[in-house]
Each structure stands twice: as structure tokens, then as C-alpha cells.
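> My structure is below; once you've seen it, I'll send some questions.
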Amino acid sequence: MKKPFYIFFPFLIMIIASCSDKETSNKDWKNSFVVWEGYNYIVSDEKVKEAEIDKKVGEIQIYLDNETNVNKNKTFSNKFKKGTLLYSIKEVDQHDSLAVKTDNGYVKINSNRKYKE
């Protein structure tokens, strides 16, 4: 009588695992990123000093919490919320790096290529 239970139990575990928290898996991108003016920027751990900040160049228009298609002409991120400000960095090309204003100062984001290329 115990034999059917041992056969059924692994399938039960697989069903439970597949029904687990889907929201966590939706946020599981390889990198945190920002898309600005058609360029994809990867969020770094590097801080930018306030003295290096040049001028405001934009703000996050859309926060993504799952993988979806978004118009590349919009400014969006999977890390920063809508309204987060983006700044140019003195003596740095804007299509190489930008700074993002956070609660703890400024964080550098680095371009790795045009979005969707």
C-alpha cells in the first residue's frame, strides 16, 4: 500500500515547485539595467561623486518587473522606479556612461550596446 505513495510523491513535489512564487522568477534578469535613448546601460556598483555630475539628461519613465517588450525610445529600468533621475557625468560621453541618483548618492551605469541589437 505504501508503494503508490512513493511513486506519487516526486510528482507532487514537482507540481508544488512549479507553482512557487512566479514574481521572483520574473525579476531574475542577468543584469540590472537602464535603457536610455536606445542604449542599454548596465548598473554598476561604482559610485559617482556629486562634483562629477554634469546635468540632468532624463528620468525613468517605466519600471519593469517582468520581461516584456517596451518601445526602445522610452527610458526604462528593471532596477530603478519611475521618476528616478539620470545625469551626465563631466568629461564622459553620455553613450558610454551615465549616473543615476539614488537615496545613497549617484551610481554609475555603463553602456554595453544599442538596445535590442
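FYI, it's all coordinate maths here, none of it is from the lab. Please read these numbers as outputs of a predicted model, since none were measured by experiment. A quick note on method: Cβ atoms are made from the backbone with ideal geometry, for glycine too, and the neighbour counts reach across all protein chains shown.
> Filter the cross-link list Lys82/Lys114; Lys55/Lys114; Lys79/Lys101; Lys79/Lys108; Lys56/Lys82; Lys47/Lys90 down to pairs whose alpha-carbon distance in this structure exceeds 19 Å.
Check vs 19 Å cut-off fails for Lys82/Lys114; Lys55/Lys114.
> Would you mind counting up the charge near Glu91? Only other residues with Cβ under 10 Å from its Cβ, with Lys and Arg at +1 and Asp and Glu at -1.
-2
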